[in-house]
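Worksheet: one structure, shown below.
Derivation of every value follows stated rules applied to the coordinates shown; laboratory data play no part. The structure presented is a predicted model; accordingly, all values stated were derived computationally and were not measured. Note: ideal-geometry Cβ built from the backbone for every residue, glycine included; neighbour counts use all protein chains shown.
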Amino acid sequence: MNFPKHIAIIMDGNGRWASKRSLPRIVGHQQGVKAVRTVVKACGAMCVQTLTLFAFSSENKNRSSDEVTLLFKLFLTALKQEVKKLNKHNVRLKIIGDLSLFPKNVQKTAIEAQAQLANNTGLTLVIAANYGGQWDIAQAAKQTAEAAIKGDISPEDITIEGFSKYLSLANEPAVDLLIRSSGELRISNFLLWDVAYSEFYFTDTLWPDFDEAELNKAIESFNHRDRRFGARKETQCYYQES
Ligand code: IPE
Ligand code: IPE
Ligand code: MG
């Protein structure tokens, strides 16, 4: 089995999972955290290098203020609760996105959790919070312009490699496999630059029901993909001159 080095997941369907059971949406989000635990553990065991999880998009702030507040609270509780366990499993944590939207206590906990896990050498867990692929490209362009104004770089340095150094996933391997749960067939402003050559896997399973078996199905599908990256394998030529 060929394991992807970097898996990214759009964890969608928490609300529908709850509605199907006539429960408040937040219960779906709470169950979603359990699925995160399962997937982090499984990826660690498979020696996946990086797992990037879409937890809150830059557009999710447009939901009801009740849901947004509850999601911030859940993020805070989960961060506090999980740090010890993540540390025990040698997981490094990286949070990407515009955290300035988050309450101060969430920002503080996020900084502390990342610092506490910074020297770990196992799985890198990236949490995308108030993240948008368009935001990421715009903030990288801003940093590039600032570096050019300071004279640290010249226009010739603005190459694909040079520019990507300013993106949030700069130091991570390329995203091999992008998974989206809940049957939606769109990217919803998640990673844009970084999925240039990722393999996509969509499942109808709602995120709280996503488990190790579902992850294995996605990896199995990944193993049957012919990744050509625009090139072609040399084919034998059967034409013979007479
Ligand atoms: C994904 O589940 C979690 C977040 C976006 C925070 P949703 O809340 O989008 O669930 P559905 O799509 O309404 O079922
Ligand atoms: C994408 O799901 C964001 C996350 C999973 C965090 P959404 O539920 O917000 O996406 P749309 O609105 O269906 O595109
Ligand atoms: Mg959704």
Handout entry: Subset of the stretch 2-43 that is of a type in the set (S, T, N, Q) and farther than 17 Å from H89 by Cβ - its residue that is nearest to ligand 1 (Cβ to nearest atom)
Key = N14
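Residues of the stretch 1-26 being more than 15 Å from ligand 3 (Cβ to nearest atom) and more than 14 Å from the chain's Cα centre (by Cα), which ones?
Once the filter is applied, which keeps residues that are more than 15 Å from ligand 3 (Cβ to nearest atom) and more than 14 Å from the chain's Cα centre (by Cα), the stretch 1-26 yields M1, N2, F3, R21, S22, L23, P24.
Quick one: which of K85, K73, K41, K80 is away from ligand 3 (no atom under 16 Å from the Cβ), among the basic types (K, R) and within 19 Å of L177 (Cα to Cα)?
Answer to the selection: K41.
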Exercise for the section: Could you tell me whether the stretch 31-38 includes any residue that is within 16 Å of ligand 3 (Cβ to nearest atom), without any contact (Cβ under 8 Å) to a residue 60 or more places away in the chain and in contact with a Lys or Arg (Cβ under 6 Å, 6 or more places away or on another chain)? Expected result: no
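Rundown of residues vs (1) in a strand (DSSP E or B); (2) of a type in the set (S, T, N, Q), yes/no style:
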residue	(1), (2)
N2	no, yes
I9	yes, no
S19	no, yes
G28	no, no
V33	no, no
K41	no, no
L53	yes, no
D66	no, no
L70	no, no
Handout entry: Selection within the stretch 177-194 - out of contact with any helix residue (DSSP H, G or I) (no Cβ under 7 Å at 6 or more places or on another chain) and surrounded by 17 or more Cβ atoms within 10 Å (Cβ to Cβ)
Key = R180, D194
Fill in the blank from the handout: P103 fails exactly one of (1) under 19 Å from Y131 (Cβ atoms); (2) out of contact with any strand residue (DSSP E or B) (no Cβ under 9 Å at 6 or more places or on another chain); (3) within 16 Å of ligand 1 (Cβ to nearest atom), namely (3)
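One line per residue, one yes/no per condition, for (1) surrounded by 20 or more Cβ atoms within 10 Å (Cβ to Cβ); (2) of a type in the set (F, W, Y); (3) within 16 Å of ligand 2 (Cβ to nearest atom):
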| site | (1), (2), (3) |
| --- | --- |
| S22 | no, no, no |
| H29 | yes, no, yes |
| G32 | yes, no, yes |
| T50 | yes, no, no |
| A55 | yes, no, yes |
| L71 | yes, no, yes |
| L74 | no, no, yes |
| I111 | no, no, no |
| Q116 | no, no, no |
Practice task
State which residue is surrounded by the fewest Cβ atoms within 10 Å (Cβ to Cβ) when the search covers only the stretch 1-20 and only residues that are among the basic types (K, R) and away from ligand 2 (no atom under 12 Å from the Cβ).
Solution key: K20
Exercise for the section: Report yes if some residue within the stretch 46-66 is free of Cβ contacts under 8 Å to residues at least 40 places away in the same chain and either closer than 16 Å to D211 by Cβ or touching a Phe, Trp or Tyr at 6+ places or on another chain (Cβ under 9 Å) (or both); otherwise report no. Expected result: no
